[in-house]
Amino acid sequence: MEHFDLIILGTGSGNSIITPDFDDKRVAIVEKGVFGGTCLNRGCIPSKMFVYAADVVEIARHSSKLGVDLSVDAVRWNDIVERVFNRIDPIADGGQAYRESLDHVTVFHGHGRFTGPKTVSVNGQEITADHIVIATGATPHIPDVEGLEHAGYHTSDTVMRLPELPKRLIILGGGYIATEMAHVFEALGSEVTMLVRGPRLLRAEDEEVSARFTEVFSQRANVVLGAAIDSVHRIDTGELAIEYSQAGHETRLIADEILVATGRTPTSEGLDLHLAGIACHDGYIETDEFMRTNVPGVWALGDITNPNQLKHTANAEARVVAHNIAHPDTLKKVDLWPIPHAVFSHPQVAGVGATEQHLRGENIPYLVGRRDHGGTAYGWAMEDSTGFAKVMVDPDTRLILGAHIIGPQAATLIHQIIQGMKFGQTVDELAEGFLYIHPALSELVENALLDVDN
């Protein structure tokens, strides 16, 4: 049985734990899939490269209102796929080759599972370590639908590598993955139908943002709300037949491909965590403020611990874990508040802090400031008529409770408010304490903050 100073399960954010502090330590990395994890290979990075191509198409579609007539002559799907993965695949291969070249690092290719508190089995070989970090991420949730498994489907793990653009694509789900992929495939030429169980797209967002997004995106795709999927099967032509019910009515759709985007679940199943005595709740490994599990020497981070399932939270947790293993006498606490997020669909969405429906449901007093993109100078230039920013503020402390933006550059514009919340700035300090460049789109945030008392 080979012993290491550190075993890392997963090569996403877990790979970044190996800082120079570990140059004199024996480190084992266990990876059953492609080196680099979800974000690099099948998540954040490739999807946004597809999104950018889709954004270009959307700009052309709406250019005539600016007095410029643009058209898209062709979408070369195979060239788009090659551009994305010819860039990404070498990074994964290079990262693996680099780790394998290090004298103090051993890479194990296979599925790791616990056989005891400090023991992991990989391909039948048991290894032990003083410290073990679990960073195995999350996997797509597959709903229990009659015939789905046999008929065949895609998830975000596979859909971006399709050999050809599907003429008709059905997407199950209405969350951030579903809406980002719907934007990509609809813009690039697929006829997209979204079958959504809930009453709105992006229903976890602020209710006003969710309602606006649903309204706008329904003009592009066939959005079916309140849909219950009954069955999926292949017909004689090789096409997919999807049967669903909505408000008591049964409907049958035919498609070339189906994308399942109904959420992601932590990959705790199959790790045999019970054999190590590691505590979990709803599949998520429980950790303390230092990212320690209940088993001494075992740490966890990323999507397997955090239901937010965001790369920036996983990276922050990895930095804390790396420090705390290397410097046990000066432990750092993880501090993720406030956690921002963004949806890179079209329109773009970003948020941080509480939603208005949460504040109302908890009877928390608040003031609202709001500004449309079209109410700012740069918004006029863009001819945007659907985007807006809103902020919720504590009426007594004047601190920001939450903020939400839908529209162009939402993921960038939200950062001003994130910083204000983090460092305890009041709405007045954020609105009037410094100069906003005129006529930059950042005036959208400024005007939303100024609107709080109106």
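The values are calculated or read from the model by the stated rules, or taken from the named source; none is laboratory data. Predicted, not measured: the structure shown is a model, and the values here were computed from it. Cβ coordinates were reconstructed from backbone atoms using ideal geometry, including for glycine residues, and neighbour counts include every protein chain displayed.
A few notes on this one:
- Residues of the range 117-134 satisfying the condition of being in a loop (DSSP other than H, G, I, E, B), touching a strand residue (DSSP E or B) at 6+ places or on another chain (Cβ under 9 Å) and either over 22 Å from residue 301 (Cβ atoms) or not assigned by TED's automatic domain parsing to the domain that holds residue 315 (or both): 123
Let's see how each residue does on (1) in a strand (DSSP E or B); (2) free of Cβ contacts under 8 Å to residues at least 60 places away in the same chain; (3) out of contact with any Gly (no Cβ under 8 Å at 6 or more places or on another chain):
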residue: 287; (1), (2), (3): no, yes, yes
residue: 303; (1), (2), (3): no, no, no
residue: 320; (1), (2), (3): no, yes, yes
residue: 328; (1), (2), (3): no, yes, yes
residue: 333; (1), (2), (3): no, yes, yes
residue: 345; (1), (2), (3): no, no, yes
residue: 360; (1), (2), (3): no, yes, yes
residue: 369; (1), (2), (3): yes, no, yes
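- For the range 306-315, the criterion of being surrounded by 23 or more Cβ atoms within 10 Å (Cβ to Cβ) and assigned to a helix (DSSP H, G or I) is satisfied by at least one residue.
- Number of positions in the range 383-403 that are more than 26 Å from the chain's Cα centre (by Cα), in contact (Cβ under 8 Å) with a residue 40 or more places away in the chain and surrounded by fewer than 22 Cβ atoms within 10 Å (Cβ to Cβ): 1
- In the range 91-105, of all residues being more than 23 Å from the chain's Cα centre (by Cα) and in a helix (DSSP H, G or I), the one that is farthest from residue 184 (Cα to Cα) corresponds to 101.
- Flag if residue 152 is crowded, with 22+ Cβ neighbours inside 10 Å, out of contact with any helix residue (DSSP H, G or I) (no Cβ under 7 Å at 6 or more places or on another chain) and either closer than 29 Å to residue 82 by Cβ or aliphatic (A, V, I, L, M) (or both): no
- Out of 236, 230, 272, one residue alone is touching a residue at least 12 places away in the same chain (Cβ under 8 Å), among the charged types (D, E, K, R) and closer than 19 Å to residue 148 by Cα. It is 230.
- Looking at 43, 36, just one residue is of a type outside the set (Val, Ile, Thr) and more than 14 Å from the chain's Cα centre (by Cα), and that residue is 36.
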